[in-house]
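Each reported figure results from applying straightforward, stated rules to the coordinates on display, with no laboratory input. Just so it is clear, the structure is predicted and the values come from calculations on it, not from any experiment. Don't worry about glycine lacking a Cβ; one is built from the backbone with ideal geometry, like all the others, and counts go over all protein chains shown.
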Amino acid sequence: MTEAAIEKEKKELTKQYKELLRISYRTLSKEDKKLIRSAFDVAVDAHKDQRRKSGEAYIFHPIAVAKIVASEIGLDATSIVAALLHDVVEDTTYTLTDIERMFGPTVARIVDGLTKIDAMSYDGEISLQAENFRKMLLTLNEDIRVIIIKIADRLHNMQTMESMPENKQVKIASETLYIYAPLAHRIGLYNIKNELEDLGLKYTEPEVYYDILSKIKESKEEQDLYIKTFSKTIKNSLDAERFDYTIKGRPKSIFSIRLKMQNQNVGFDEVYDKFAVRICYESSLESEKFLAWKIYSMVTDHFRPNPIRLRDWISSPKSTGYEALHITVMGPKGRWVEVQIRSNRMNEIAEKGYAAHYKYKSNEKDEGGLDDWLNKLQDTLENSDISAVDFVEEFKLNLYAKEIFVFTPKGDLYSLSKGSSALDFAFHIHTEVGLHTRGTKVNGKLVPLSQELKSGDQVEVITSEKAKPSANWLVYANSPRARSKIKSSLKEEKKQIAAEGKVILTRKLKSLKIALDEKTVNQLVVFFKVKTSLDLFYRVGAGIIDNPKLKDFASTRSNVLMSFIKNRIRKPSNPDEINNEEITEKLDQLVFGKEEGKLDYKLANCCNPIPGDNVFGFVTVSEGVKVHKLNCPNAIQMQSNYNYRIITSKWVDSSQRDFKSELKISGIDTIGLVNEVTKVISTNLHIDMKSVHFDSNDGLFKGTIIVIVKNKSILDNLVKKIKNITGIDKVTRV
């Protein structure tokens, strides 16, 4: 580089530093400025020999990230310092100890969190996006600022991607649309979310992006004139009432217009609400709500509102802290116009999210909805059994989830994700309430646990100490919190049944003159083709492995021993590993959707799933349903772009499934007979009774019972016990 170029770069650095201090949203003290200056000097020194792909000095990247953090997100001096230093530990000779010594433990912790996200290795078998997403969320419980600075870092990378190779551009843009934009949305950074989505579209679907951009530019003049005419009518009324306000049109983002075109299957010209009018007014905190509704009244005096498009987020703010009144009105020329009404305080929170929320809080520690969200995150994060892809599946939906508001019988208000069931609400109240839910009432009426809740519903949860989760609950629950707790409970129940099974197995083998030692357990595992000793004991406890099967084992024990030795020679000693044929034999059915129905399908060639793999169904245009592994190389792309074509699917072990069975009973009618029958069923732990119906006629009776059982041997045993009741003549299975 020439001396002139070096001098020019130095001048630009000084200019950028001054601008960083000038545009900061927070008021910076002398100590803050001193700390920022030190961080600036360390960053300049650390990155002095580094250049970006574009040829620009690398130091301009951390400065740009710090500027986004300071002005667009509005974080404090600590965050600005961490943003300046975010790549220092990863890319230069400075260590975390150096950072802690110079800037203190908080800055060091944030920098460490940012470094961890990039530095952790990942298993090539799983999606990089899914693994990164999980790592990022794991840093949340350390400091929320980690994730916010990471979003700012991603925004600047997206703004400066021109010089990168095309394949890298597409990869980074896809990751941005899949993870970072939803995260920005969830934290309440709506402006950044819109920019990330637009930039993501620019690199993933450039033709679509530039086509919509050119059409927006073409219609801009006509649109500006329309907004001016529309606003003039409202302005006259607001001026007459002496409001201190601003009113301006805001075009919808390119990404949201494209989404509307896709969802509504229409062209650009047919998307009716391509812009919104925003009215921001000055007000004291006490008068905000009153003035918002006063402005609403003025707008609707001139333009007819669409009654189903009213959104009141002032009375019930979103959990991100967002407050506003949204109405859609019929404007001139018969066009719908969205009008957003916000106080200046609400507008700051909408634009700065987390940071502005703090500015208006008297208690700095009150994190409101954000804190609630972080607490909910912990439930999913603490579930160490869940794979990275499952984690994304369970959690990503909640990032963009719209909210509903429901009430308890006492009138307490709760915010839930749209699509939440009555069972989700029970777990939202408290884990123990959820685990012991016996039934739910919505607006005073008993409803199924799967009932989808709507805003304004009053929900009552009926609990019982005896109630406990069943596998069906996973179909009724949609929230990650509820699903995680149900899975843990089912796992715990399986362990209990296995413990009982071990005692039963010891007793039964003793009668067959066989001792239950490690060698026998290994032989049984091989003989019954199960994966672990836990599976073996569970099947005994659940009655799947019964006396006749154990007698078969005893009679062929010498053959089993040989088989066991061969298996040990053939296979590694890891008990978790299992031969493909054994998996195929054990997991023999592929079922689709919540109803677990059977469909015709083909296995995808790109990932070749086998029974036992985590899979999903993808509805193709010409080849019906194709089944892919969840960690298929194409999974992220399909789930991101064609979510509406995805069907949940899984391999099921028919020996562990619950089956519905209908029994017809007939006999002589005697007092207490129905009670006897139900007693036999209810005392059996592995049978769930769904319905009972009895008709009596001239001393004879006929009855129908529907039960849920795990397998045929349990059902056969039940039939035998019912037949033994005095007065029963016939018991037949329909």
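For a footprinting-style exposure proxy, rank 526, 619 by other Cβ within 10 Å, fewest first.
Exposure proxy ranking, most exposed first: 619, 526.
Taking the number of other C-beta atoms within 10 Å as the exposure measure, put 693, 430 in order starting with the fewest.
Values: 693 9, 430 12.
If I rank by nearby Cβ atoms, fewest first, I get 693, 430.
Per-residue counts of other Cβ atoms within 10 Å, averaged by peptide: what ranking do you get for 597-607, 336-346, highest first?
336-346, 597-607
In segment 1-93, what trypsin sites (Lys or Arg not before Pro) fall in a loop by DSSP, with at most 11 other Cβ atoms inside 10 Å?
Sites meeting the loop and neighbour criteria: 48.
If packing is taken as the mean number of other Cβ atoms within 10 Å per residue, what is the order of 317-324, 495-502, highest first? Before the final figure, lay out each step's value.
Details: 317-324: 20.6, 495-502: 17.0.
In decreasing order of mean packing, 317-324, 495-502 become 317-324, 495-502.
Before anything else, pin down the relative contact order of segment 659-733: Cα pairs under 8 Å, at least 6 apart, normalised by residue count, whole percent.
Computed value for segment 659-733: 47 percent relative contact order.
Fewest first, what order do 12, 460, 207 take by the number of other Cβ atoms within 10 Å?
Exposure proxy ranking, most exposed first: 207, 12, 460.
Summing Lys, Arg as +1 and Asp, Glu as -1, what charge do residues with Cβ under 14 Å from the Cβ of residue 504 carry, residue 504 excluded?
Charge balance near residue 504 sits at +4.
Under 20 Å from a label point 7 Å along Cα→Cβ of residue 95: give me every residue in segment 10-52 with its amide N that close.
Output list for this probe position: 42-43, 45-47.
Here are some pairs, 660/702; 495/531; 485/529; which of them have Cα atoms lying more than 26 Å apart in this structure?
Too far apart for the 26 Å limit: 485/529.
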